[in-house]
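The values are calculated or read from the model by the stated rules, or taken from the named source; none is laboratory data. Bear in mind the structure is a predicted one, so any value in this text is a computation, not a measurement. With ideal geometry, Cβ positions are generated from the backbone for all residues, glycine too; neighbour counts draw on all protein chains shown. Surface areas here come from the heavy atoms of the whole protein model, side chains and all, with no ligands, DNA or RNA. Shrake-Rupley method; radii C 1.70, N 1.55, O 1.52, S 1.80 Å.
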Amino acid sequence: MKQRVLSGVRPTGPLHLGHLLGVIQNWKKFENENAFYMIADWHALTTEYDSKTTIKQNVLEVALDLLAGGLDPAKCTVFVQSHVKEHCEMSLLLSMLTPLAWLERNPTYKDQIQELGDKELHTHGFLGYPVLQTADIILYKADIVPVGEDQLAHLELSREIVRRFHFIYGKKIFPEPQASLTRVPKLPGTDGRKMSKSYGNAIYLSDSPAEVDNKVKQMVTDPARIKREDKGHPEVCPVFCYHKLFNAEQESLIAEECRGALRGCVDCKREMGGKLKEFLAPIYERRRQFASESGKVIEILNDGARKARKVAAETMDEAKEAVGI
Ligand code: TRP
Ligand code: SF4
């Protein structure tokens, strides 16, 4: 029996190397199951409702990134959340039975309100974020939800909502979804902090080789290496993190040379940049290919929506029947 898998990514901007290692490669592991992968544009709207760039444009970029990153639409269903109206319908249904207190104590909610302090996020939609996310999951009766650690609180809430549904309506319709945690290799941004669009330190899957060169050149290294003769500490150097991932055979040699001041940071970066570009080349090429076949991505997303809709509509009927509406 194949397992049902669902996950989503918010199209708030182009995807970067962190997404490739943390999201796409994790998703690929479930391609031989019955997997649904969604571009969560309604979820993006919860925080970007007043943004000047349209989410629609981001959706296409993210779709290109997912396909370029190796997700195979012949094996899994790739679709856009807003193309399948049942997500809204199920979300509204679940909102009837989800106690406000559960949403108000959601730690992710509190953190995000803090973090995005200058934006009005005391909205109905943002508070209901996990309700919509639960709808996403249960419409496909997903057993497994591949996500990062930051989503664990949401998933716990999803299980609580599922249990409450079953308790109230006396019928077990949905599996209680389980997270499949991504063991992400640590990959910092170019400034050593967590890679994130908002820090301006990300390397994107859509970056040209020249842009990659530029970003690598500007990367932060061990601050103790002011002069060429200063001995380095590879364990604190972001460039070394990249060597570990993209130039693994040379890892110990590089560490040794860095510690002994036998290698300069400029050369070290050049070598790493070369390896990184080698790694990114097929992704960049696939992205270019998909982007050049006009209509191809739209067709994949339409096809995905059709497949998703079929499953979602069946589940929605079942849920309405249980609720008595
Ligand atoms: N909230 C998730 C994130 O920010 C994205 C998401 C939306 C999602 N719907 C989902 C993840 C359903 C898993 C399942 O990363
Ligand atoms: Fe980092 Fe390489 Fe410079 Fe060492 S030599 S500090 S690993 S860039």
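For this structure, a couple of remarks:
- The stretch 207-287, relative contact order [Cα under 8 Å, separation at least 6], %: 34
- Residues whose amide H comes within less than 5 Å of that of N201, counting only those at least five positions distant or on another chain, are S196 (H built at 1.01 Å from N in the peptide plane).
- In the full protein context, the stretch 160-237 carries 61 Å² of accessible surface per residue, based on a 1.4 Å probe and ignoring ligands, DNA and RNA.
- A full extension of the chain between T54 and E293 corresponds to an added length of 83.8 nm, given 0.36 nm per residue minus the alpha carbon distance.
- Computed over the chain with a Gaussian network model linking Cα atoms closer than 10 Å, the most mobile of K277, K141, K310 is K310.
- Accessible surface of the chain [probe 1.4 Å, protein heavy atoms]: carbon and sulfur percent: 53
- Computed extension gain for D230 through E120, at 0.36 nm per residue and net of the alpha carbon distance, reaches 34.7 nm.
- E318 versus K2: modelled label distance in nm, points set 7 Å from Cα along the beta carbon direction: 1.6
- Using C-alpha pairs under 8 Å with a sequence gap of at least 6, the mean separation divided by the residue count of the chain gives a relative contact order of 23 percent.
- For Q3, distant residues with modelled amide H under 5 Å away: N34
- Residues T53, T182, ordered by accessible area of protein heavy atoms at a 1.4 angstrom probe radius and largest first, appear as T53, T182.
- Only protein heavy atoms count here; on that basis, with a 1.4 Å probe, Y140 has an accessible area of about 0 Å².
- Isotropic mean projected area of the C-alpha convex hull, the chain (nm²): 18.2
- With helices as the sole contributors, the chain gives -16000 deg cm²/dmol at 222 nm; each DSSP H run of n ≥ 4 counts as -39500 (n - 2.57), and the sum is divided by every residue.
- Summarising the amide proton neighbourhood of R10: residues at separation of 5 or more, or on other chains, whose placed amide H is nearer than 5 Å comprise A40.
- Solvent-accessible ranking of D72, D150, largest area first, probe 1.4 Å: D150, D72
- Once each of the GluC sites (Glu not before Pro) sitting in a DSSP loop with at most 10 other beta-carbon atoms within 10 Å is removed, the chain keeps 1-119 as its longest stretch.
- Max mean-square fluctuation residue, GNM over the chain, Cα-Cα springs under 10 Å, options A312, A281, A68: A281
- Whole-Hz Karplus values for the stretch 260-266 come out as x, 6, 9, 9, x, 5, 5 Hz, taken residue by residue from phi with 6.51 cos²θ - 1.76 cosθ + 1.60 and θ = phi - 60°; glycine and proline positions read x.
- When the charge dipole of the chain is built from unit charges on Cβ atoms (+1 for Lys and Arg, -1 for Asp and Glu) and taken about the Cα centre, the candidate among F246, Q81, A101 whose Cα reaches farthest toward its positive end is F246.
- Measuring r between the beta carbons of Q250 and R105 and using R0 = 51 Å, the FRET efficiency lands at 0.55.
- Mean separation of Cα contacts under 8 Å (6+ apart) over length of the stretch 29-180, as relative contact order %: 24
- Whole-angstrom gap from the stretch 1-74 to the stretch 242-285, using each part's C-alpha centre: 29
- Cα principal axis extents for the stretch 255-325, largest first, Å: 74, 34, 11
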